[in-house]
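> The following block contains the structure, expressed as C-alpha cells.
Derivation of every value follows stated rules applied to the coordinates shown; laboratory data play no part. These figures come from a predicted structure and were not determined experimentally. As a convention, Cβ positions derive from the backbone with ideal geometry for all residues, glycine included, and neighbour counts pool all protein chains shown.
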C-alpha cells in the first residue's frame, strides 16, 4: 500500500497574526493623530481666549476713558455695552474659555478705581502660563492664585519663574488681570 503524502501548502494572504499587527499599527497611528489634534486645538483655544480678553480689556478702557475711572464697571455693564465677544456670554453671564464665570471689578492701582480687574477662575494648570502669555500684554498687574507674576506699577515685568511656579501642579488656577493707567 502506497501512502500518499500530501503536501501542505502555505496559506497566502494575512493570517491572524498579520491582522492583529495591522490593527495595532492602526490604533497607534490613530492615538498619535488624536493627541496631535487635541494639543493643537488646546493651544488654539488658549490663543483665542487670550485675544478675546485682550480685546475686551481694550474696549473697556476706551469705553470708560471719558469717565476718567472705572467706577461702576462690572461684567453686567460690559455685557449691556456689548463689549465681550458673544461666545463669552452664556445664560446672561460672562464666562471664560473654560465655562467659568468671569467677574469684573473696579480696582485701585494709584488712585481710586483707576483700573479694572478681570478675575478668571478655572484655568487649567497646563494652559495657565500660555493663557497669561496670550492675554497678559494689556494687563499692568497679573496674579495667579495669590502670586503676583507681573506688576508694572512697581517696576516688575512678567516674571517667568514666578509664573511657572504659580501655574505648576494640577487642577485649576484663578488668574487676576488688572488693566489701567500707570
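> For the range 52-142, take the convex hull of the Cα atoms, compute a quarter of its surface area, and give me that in nm², please.
5.6
> While we're looking at this one, here's another question. What 222 nm value per residue comes from the helices of the chain, counting each DSSP H run with n ≥ 4 as -39,500 (n - 2.57) and dividing by all residues, nearest 500 deg cm²/dmol? Write down the numbers at each step before the final one.
On the way: 4 runs with 74 residues, N = 182.
Estimated from H runs of four or more residues: -14000 deg cm²/dmol.
> Evaluate the Debye formula for the range 95-178 with equal point scatterers sitting on the alpha carbons, no solvent, and hand back log10 of I(q)/I(0) at q = 0.14, 0.19 Å⁻¹, in q order, two decimals.
-0.43, -0.79
> So how do 149, 20 line up by other beta-carbon neighbours within 10 Å, fewest first? Don't jump to the answer; show the numbers that get you there.
On the way: 149 27, 20 11.
The fewest-first ordering by Cβ neighbours comes to 20, 149.
> With r defined as the distance between the Cβ atoms of residue 25 and residue 168 and R0 fixed at 35 Å, what FRET efficiency is calculated, to the nearest 0.05? Present the calculation step by step, with values, prior to reporting the outcome.
Values: r = 37 Å, r/R0 = 1.05.
That pair, residue 25 with residue 168, gives E of 0.45.
> Modelled label-to-label distance, residue 16 and residue 90, 7 Å Cα→beta-carbon offset: nm?
Those two pseudo-labels are separated by 4.9 nm.
> Continuing with this model, one more query. Tell me, what is the FRET efficiency for residue 63 and residue 126 to the nearest 0.05, using R0 = 30 angstrom and their Cβ-Cβ distance as r?
Values: r = 34 Å, r/R0 = 1.12.
Approximately 0.35, to the nearest 0.05.
> Measuring from label point to label point, each 7 Å out along Cα→Cβ, what is the residue 32 to residue 138 span in nm?
Each label point lies 7 Å from its Cα, and together they span 4.1 nm.
> To test your reading of the geometry: what angle, between 0 and 90 degrees and rounded to tens, separates the Cα axis of helix 16-64 from the longest principal axis of the chain?
10
> Taking the 0 to 90 degree range and rounding to the nearest ten, how far is the long axis of helix 125-135 tilted relative to the main principal axis of the chain, both from C-alpha atoms?
Roughly 50 degrees, rounded to the nearest 10.
> Follow-up question, since we're still on this one. Quick one: work out the % antiparallel among DSSP beta bridges in the range 21-180, nearest 5.
Values: 25 of 25 bridges.
About 100 percent, rounded to the nearest 5.
> Give the distance, in whole Å, between the Cα centre of the range 140-154 and the Cα centre of the range 76-129.
When both Cα centres are located, 16 Å separates them.
> In the Gaussian network model of the chain, springs joining C-alpha atoms below 10 Å, which of 94, 163, 152 carries the largest mean-square fluctuation?
152
> Could you compute Rg(Cα) / (2.2 N^0.38 Å) for the range 76-125, with N its residue count? Please report the intermediate quantities before stating the final value.
Values: Rg = 12.2 Å, N = 50, 2.2 N^0.38 = 9.7 Å.
For the range 76-125, the normalised Cα radius of gyration is 1.25.
> Given just the C-alpha atoms of the range 141-182, how large is their convex hull per residue in cubic angstrom? Please list the in-between numbers first.
Details: hull volume 2.2 nm³, N = 42.
Per-residue hull volume (Cα only) is 53 Å³.
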